[in-house]
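J.: Take this structure first; my questions come after.
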Amino acid sequence: MDLATGLGVGAVIGVVVGSAFGSVVGGLILMLFGRAMTRLPNIGYLNSYGVSFLATVLYFVAYLGIASAVGPMELMKVGFAGIAGLSLVLLTVSYGVVAQQLWKTSFGNAVKGTLIMPVSVALLMGAGAGFVFSR
């Protein structure tokens, strides 16, 4: 196995394992926020965990697909705001699509119930960028 293949396999394993552990908390957040925002009775912890896990994996697959299609260096040329905007759109769509299927609701309700995740990621990216660029 060459270095690039090894790095790719390692990245996939890292995404899956990281998503599995991160979704423990993400599922709880989605369950509470989703119930409060949509009033859907079928939102439970297990399907919210599934939404968090699958949407995160879907986001990384889509992001890596875009990065490999246009090239990482070309993607960097759009700047931090462009990457943050792309991430916000990809996260919103991936969480919305997965929640629509697992929560058995409309896409609009799914986006409304999962909006906390893309918004929190955008805020964390902004805070991280502010910290890095303030030095």
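J.: Going through region 34-56 one residue at a time, which ones are part of a helix (DSSP H, G or I) and surrounded by 19 or more Cβ atoms within 10 Å (Cβ to Cβ)?
T.: Correct list: GLY34, THR38, ASN47, SER48, TYR49, GLY50, VAL51, SER52, PHE53, LEU54, ALA55, THR56.
J.: Let me ask you something else. Filter region 96-109 for residues that are touching a residue at least 60 places away in the same chain (Cβ under 8 Å) and in contact with a Ser or Thr (Cβ under 9 Å, 6 or more places away or on another chain) and give the result.
T.: ALA99, TRP103, THR105, ASN109
J.: Now for a different question. Restricting to region 64-82, count the residues that are under 16 Å from the mean Cα position of the chain (by Cα) and at pLDDT 85 or above.
T.: Selection size over region 64-82: 2.
J.: Could you figure out which of (1) of a type outside the set (Ser, Thr, Tyr); (2) closer than 24 Å to ALA20 by Cα; (3) within 19 Å of the chain's Cα centre (by Cα) isn't true of GLY85?
T.: For GLY85, the exception is condition (2).
J.: Let me ask you something else. Could you tell me whether any residue of region 72-82 is closer than 24 Å to GLY18 by Cβ, in contact with a Gly (Cβ under 7 Å, 6 or more places away or on another chain) and touching a residue at least 24 places away in the same chain (Cβ under 8 Å)?
T.: Among the residues of region 72-82, not one is closer than 24 Å to GLY18 by Cβ, in contact with a Gly (Cβ under 7 Å, 6 or more places away or on another chain) and touching a residue at least 24 places away in the same chain (Cβ under 8 Å), which makes the answer no.
J.: Listed residues ARG39, ARG35; which is at positive phi and over 13 Å from the mean Cα position of the chain (by Cα)? Steps first, answer last, please.
T.: On the way: ARG35 fails: at positive phi.
Going through ARG39, ARG35 in turn, the sole match is ARG39.
The values are calculated or read from the model by the stated rules, or taken from the named source; none is laboratory data. Computed from a predicted structure; not experimentally measured. Positions of Cβ are backbone-derived with ideal geometry, glycine not excepted, and every protein chain shown enters the neighbour counts.
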